Structures are given as structure tokens and as C-alpha cells.
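To keep things clear, I will list the structure first and then write my remarks on it.
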């Protein structure tokens, strides 16, 4: 078995990273997961959170993602993020923009509650809570974002 695997992280705007790694820690919707070389093939749906990548030399790099999915096949992890940023790019302004978008999505779903159902509303509430937790985890204030009218 190899000691490393290929990791690719892309968002709609850009390719964030493409490197060999020892492990990738993922914020899965069904629970957090660490992928390492030889991992069983699977596809993981992601919630907002931090993706941690451990390079071959042991150095760790973190990325903030708002969701997406990752395909793991034992030799590689390919992650398509809805939105992603290296941790060092996550300023309060960037986070405020992400939180405002999450608030807009939640409000839009709540306004259509009768047609979309309670499960969809609950998912939007959970998404917002996950975004708040991600920001708090990296030292950003989730209460600074503007809540849309």
C-alpha cells in the first residue's frame, strides 16, 4: 500500500490545491471522516466545515468549505466544494458574505415551508448552524453578518 494519495480540491471559481497527501479530514454530513491511502471507495456529502490536509512531510493545511462532496477511491480524494477558501483567506468579510448567503437560503426555504416541507427547512437551519460553528472554530464572529430582510 502506498504511503500517500493524490488530493484535489476544486470550487466553481478555481482549483484550490492538487498535491500528494498522507491523509484528508473531511466534515461529512453523516459525521467527520479521515481518508488515508487504501481507504474503501466511497462518496461523501460534505457539510460546512474545515477540510484538513496532512502532506507527505506532516505539514497540515486547512480549507474552509461550505459544502459539496468528496470521492474517495483509496488512491485519491477528489473534493468538489460549493465554495472553498484556504484558511488564511477566511477573513471576517469573506465569512460575513458566506453567512449572509446561508441566511438568505434559510429565509427563502422558510417562506416556501408549505410547499417544500419541514425536512427542507430543517436542512437549511442545520446548514446555517454548521456555518456558524465553522466560523467560531476558526475565530470568526458569526454574529457580524447582515441578516437579509
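Derivation of every value follows stated rules applied to the coordinates shown; laboratory data play no part. In this text the structure is predicted, and so the values were computed from the model without any measurement. Counting neighbours? That spans all protein chains shown, and the Cβs are built from the backbone with ideal geometry, glycine included.
Remarks
- Gyration tensor (alpha-carbon) shape descriptor, region 3-70, a/c threshold 1.5: oblate
- Added length on full extension, which subtracts the Cα-Cα distance from 0.36 nm per residue, residue 141 to residue 30: 37.4 nm
- Within a Gaussian network of the chain (alpha carbon springs, distance under 10 Å), most fluctuating of 114, 62, 130: 114
- Rounded if a/c under 1.5, otherwise prolate or oblate - region 49-101, Cα gyration tensor axes: oblate
- Sorting 126, 112 by the number of Cβ atoms found within 10 Å of their own Cβ, with the fewest placed first, yields 112, 126.
- Listed from fewest to most Cβ neighbours within 10 Å, the set 43, 50, 138, 72 follows the order 43, 138, 50, 72.
- Estimated FRET transfer efficiency when R0 is 25 angstrom, pair residue 78-residue 114 (beta carbons, to 0.05): 0.05
- Ranked 91, 66, criterion: other C-beta atoms within 10 Å, fewest first: 91, 66
- Computing FRET efficiency as 1/(1 + (r/R0)^6) for residue 10 and residue 93, where r is the C-beta to C-beta distance and R0 is 25 Å, gives about 0.60.
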